[in-house]
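Colleague: Structure provided below as structure tokens; questions to follow.
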Amino acid sequence: MINRSTLQGRSMDSILIICGAERAGISEGRYNRSLAAAAEALLGEHYRLLTTSIEAGYDVEQEQEKFRQAQVVIWQFPVFWFNCPASVKQYIDRVFAHGVFFERKLPYGTGGLMGGKRYLLSTTWNAPESAFADPATFYQGATLDDAMIAMHQAHRYVGMEALPSFAVYNVVREPDYERAEQRWRDHLRRLLLS
């Protein structure tokens, strides 16, 4: 949980919400766009919000400035083939630039320039929750965060710390959006509004 008193009165009292929804295959992106909008509606009353919709396009320098200003970055995206969508990966490749997000320093991985900032991964999955954390299932005992290791390591490399992740599972076969949105709001309240 973030201690609100550490955010109050700072110029960094901002949250950046990045929506990585996209149309691909059977996905139209509505679920992720709606979850991003729910976060904006809830948090906008308490924080200065910065927002990005990757599919709408972006300016790299403006995105880098948003990261400089934000205390917390929330990523909202679907998981495609066990990772973030290609557009999210491309965004990171372009925005997480040397000299802005990291510098080369030894030992490896200690040159992050985004220290003191936190990030939260909110993802949607076609996989059911039962596919995780059981050695006999598809993910062979891996947790959600184990499955998202590339995203976690990218943020760790630039000096950011993880907040507890959020996920909605089985969104194609059992798309219970109302329940998912309520869980998401509760998650955000616990982490950012307590």
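Colleague: How many residues are in contact with a strand residue (DSSP E or B) (Cβ under 8 Å, 6 or more places away or on another chain) and surrounded by fewer than 15 Cβ atoms within 10 Å (Cβ to Cβ) when one looks only at segment 70-91?
Modeller: Looking only at that region, the number is 1.
Here is a yes/no grid of residues against (1) modelled with pLDDT of 95 or more; (2) of a type outside the set (Gly, Ala, Ser); (3) over 24 Å from Arg94 (Cα atoms):
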residue: Leu43; (1), (2), (3): yes, yes, yes
residue: Leu50; (1), (2), (3): yes, yes, no
residue: Ser53; (1), (2), (3): yes, no, no
residue: Glu61; (1), (2), (3): yes, yes, no
residue: Phe67; (1), (2), (3): yes, yes, no
residue: Val73; (1), (2), (3): yes, yes, no
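Colleague: Do we find a residue being aliphatic (A, V, I, L, M), touching a Lys or Arg at 6+ places or on another chain (Cβ under 7 Å) and outside any strand (DSSP E or B) anywhere in segment 75-89?
Modeller: No, every residue in segment 75-89 fails to be aliphatic (A, V, I, L, M), touching a Lys or Arg at 6+ places or on another chain (Cβ under 7 Å) and outside any strand (DSSP E or B).
Colleague: Can you pull out the residues in segment 96-113 that are within 26 Å of Asp13 (Cα to Cα) and either within 15 Å of the chain's Cα centre (by Cα) or not aliphatic (A, V, I, L, M) (or both)?
Modeller: Phe96, His98, Gly99, Phe101, Phe102, Glu103, Thr110, Gly111, Gly112
Colleague: Which condition breaks for His46 when tested against (1) in contact (Cβ under 8 Å) with a residue 12 or more places away in the chain; (2) under 19 Å from His152 (Cα atoms); (3) surrounded by fewer than 17 Cβ atoms within 10 Å (Cβ to Cβ); (4) more than 17 Å from the chain's Cα centre (by Cα)?
Modeller: Condition not satisfied by His46: (2).
Colleague: Which ones in segment 103-131 are part of a loop (DSSP other than H, G, I, E, B) and charged (D, E, K, R)?
Modeller: Glu103, Arg104, Lys105, Lys117
The values are calculated or read from the model by the stated rules, or taken from the named source; none is laboratory data. Note that the structure is a prediction, hence the values are computed from the model and not measured. Every residue, glycine as well, gets a Cβ built from its backbone with ideal geometry; the counts of neighbours run over all protein chains shown.
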